[in-house]
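S.K.: One structure follows; several queries about it will come next.
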Amino acid sequence: VLRPGLASPSMLHRFRHEAHLLGRLRHPGIVPIFDAGTTEIDGRRQPYLVMDDIEGQTLTAFAAERTLDDAARLRLIAAVCDAIEHAHQKGVIHRDLKPANILVDTDRDEPQPKILDFGIARTIEDDRFLTTMRTDVGQVLGTLAYMSPEQIAADPDALDTRSDVYAIGVIAYELLAGRLPLDLARRPLPDA
């Protein structure tokens, strides 16, 4: 349930948007949505999503805690690639891939990365990219360290599936090298 006070029109739109997108995606590497809607709490309509409860850790925490070798880390990345390929085939671009949005489900024999938080995703239709959640030129959505140059430029028309591929490359580098390829934490956006 979206916390009271956060149910602004734009957040309600984002909730409906994420529910619609997740409803299109059925893959073992994507956290499924079981139900979505609104309910009344204290006299106000509050949106909710019912999703799988994943027992696990973020991708980087899982790999570090288990001191996985490079081959095991690459298997995790390959599983993330497979899930994102499924999303792309269904016409969905995530746009905010990062280790915090990938939980490793440990409640199974083989660890399974699960992608979540499709709240700023876009859809692909007729070989053109259309924003389903309006992103204005100049508005940056995403996490800087994992954003493609096109995404940092804040031009929604320039974004496509390659932005997710770029983010996966950054995640893979971080998972294998133990650090990000670029330290953008203290840099202003124009310098990034």
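The values are calculated or read from the model by the stated rules, or taken from the named source; none is laboratory data. No experiment lies behind these values; they were computed from the predicted model shown. Methodologically, a virtual Cβ is constructed for each residue, glycine included, from the backbone with ideal geometry; neighbour enumeration extends over all protein chains shown.
S.K.: Condition first: free of Cβ contacts under 8 Å to residues at least 24 places away in the same chain and aliphatic (A, V, I, L, M). Now tell me which residues in the range 65-120 satisfy that.
M.R.: 68, 71, 72, 78
S.K.: Quick one: in the range 99-110, of everything that is closer than 18 Å to residue 26 by Cα and in contact with a Leu (Cβ under 7 Å, 6 or more places away or on another chain), which residue is modelled with the lowest pLDDT?
M.R.: Out of the qualifying residues, it is 101.
S.K.: Restricting the first residue to the range 1-23 and requiring it to be of a type in the set (Phe, Trp, Tyr), which pairs with a second residue that is modelled with pLDDT of 75 or more meet a Cβ separation below 9 Å and a spacing of at least six or different chains?
M.R.: So the pair list comes out as 15/36; 15/38; 15/47; 15/48; 15/49.
S.K.: Give the range 36-79 a look and list any residue that's outside any helix (DSSP H, G or I), aromatic (Phe, Trp, Tyr) and farther than 18 Å from residue 15 by Cβ, or say none.
M.R.: If the condition is that a residue be outside any helix (DSSP H, G or I), aromatic (Phe, Trp, Tyr) and farther than 18 Å from residue 15 by Cβ, then no residue fits.
S.K.: Which numbered condition trips up residue 55, out of (1) in contact (Cβ under 8 Å) with a residue 24 or more places away in the chain; (2) farther than 30 Å from residue 176 by Cβ; (3) charged (D, E, K, R)?
M.R.: Residue 55 satisfies every listed condition except (2).
S.K.: Still on this structure, I have one more. Of the numbered conditions (1) at pLDDT 95 or above; (2) surrounded by 17 or more Cβ atoms within 10 Å (Cβ to Cβ); (3) not hydroxyl-bearing (Ser, Thr, Tyr), residue 71 satisfies every one except a single condition; which is it?
M.R.: Only one criterion is unmet by residue 71, namely (2).
S.K.: Listed residues 82, 117, 96; which is modelled with pLDDT of 85 or more, closer than 15 Å to residue 171 by Cβ, assigned to a loop (DSSP other than H, G, I, E, B) and not β-branched (Val, Ile, Thr)?
M.R.: The unique qualifying residue is 96.
Table: residues versus (1) out of contact with any strand residue (DSSP E or B) (no Cβ under 8 Å at 6 or more places or on another chain); (2) under 18 Å from residue 165 (Cα atoms).
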site: 28; (1), (2): no, no
site: 33; (1), (2): no, no
site: 49; (1), (2): no, no
site: 57; (1), (2): no, no
site: 65; (1), (2): no, no
site: 75; (1), (2): yes, yes
site: 83; (1), (2): no, yes
site: 89; (1), (2): yes, yes
